[in-house]
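To start, the structure itself, in structure tokens.
Any read-out appearing in this document is the output of simple, stated calculations on the displayed coordinates, not a laboratory observation. Given the structure is predicted, the values throughout are model-derived calculations rather than measurements. Using ideal geometry, Cβ is built from the backbone for each residue, glycine included, and neighbour counts are taken over all protein chains shown.
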Amino acid sequence: MSRPLSPEPPARRERNAAETRRRILEAAEAEFAAKGFAGARLREVAQVAGIQQALIHHYFEDKDGLYRAVLDRAIEQVTADSWAILGQSTSVAGLLEGFIELLLRFYQSHANLLAMLRMEAASGSHLVLDVLQQKSRPVFEAAEVLLRDLQERGQIRSDLAPSDIIVSVLSQALFPFLEGPLLHALWPAFSVAPEPLEARKRAMVALLLRGISP
């Protein structure tokens, strides 16, 4: 007489569910980056992830829920790291080094997110931007408060708006990744490979620190 099958242990079920979610999210990120929200197909995501399409609906409800989950996964860690930098940095140099390092590494490892941003900008959609704003606005507001405090203590020039300082950091970090092909076409020696990032970080910190110091 055959023995009844034992139920799958809860820990194993949780591991399997986490692995399934990971495969779905990775497949979806590539699909959305390649085709945009409108062009992406859940059946293609399911095929690449090696699962039944019904599982996408089980974990994420619909295409919109999957899209937002992809975004949340991409920006969750950078948001947490941003709060850590704001809470730990006690000097202007430390603040710049922390955020520039974070942004360079983030942009380098999230080419798909940047592709999604470009597609949204071209289509006039705001799904990515809405999620990014929800996550990033509190961080930007806290950074502005900290910069004003540093200005009052005489560590930063008082004639610079904190928002302009933040935009300068973001722009210098982001532009080479958004327009890498154009920069490489204009200047073949340009590269966004891992090796130059440390040198780029040092250059950015030096330039910005000199520009905002009293």
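At a glance:
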item: Of LEU96, GLN108, TRP83, farthest towards positive along the dipole that unit charges on Lys, Arg, Asp, Glu beta carbons give segment 61-168; result: GLN108
item: Theoretical gain in end-to-end length, ALA206 to HIS184 [0.36 nm per residue, Cα-Cα removed]; result: 5.5 nm
item: Computed [θ] at 222 nm, helices only, for the chain once each DSSP H run of length n ≥ 4 contributes -39500 (n - 2.57); result: -27000 deg cm²/dmol
item: Total charge dipole magnitude, the chain, about the Cα centre, Cβ charges on Lys, Arg, Asp, Glu only, Debye to nearest 20; result: 520 debye
item: Neighbourhood net charge (13 Å Cβ-Cβ; Lys/Arg +1, Asp/Glu -1) for LYS135; result: -2
item: Unit charges on C-beta of K, R, D, E only; dipole of segment 85-168, Debye; result: 160 debye
item: Given charges at beta-carbon only (K, R positive; D, E negative), |dipole| of segment 40-131 in Debye; result: 280 debye
item: FRET efficiency, 1/(1 + (r/R0)^6) with R0 22 Å, evaluated for ALA111 and ASP64 via beta carbons; result: 0.45
item: Positive-end residue of LEU182, GLN133, GLN155, charge dipole of segment 128-214 with Cβ unit charges; result: GLN155
item: Distance between modelled label sites at ILE166 and GLU152, nm, 7 Å Cα→Cβ extension; result: 1.7 nm
item: Alpha carbon centroid spacing (whole Å) that separates segment 33-84 from segment 153-214; result: 31 Å
item: Shape category assigned to segment 10-212 from the gyration tensor of Cα positions, a/c cut at 1.5; result: prolate
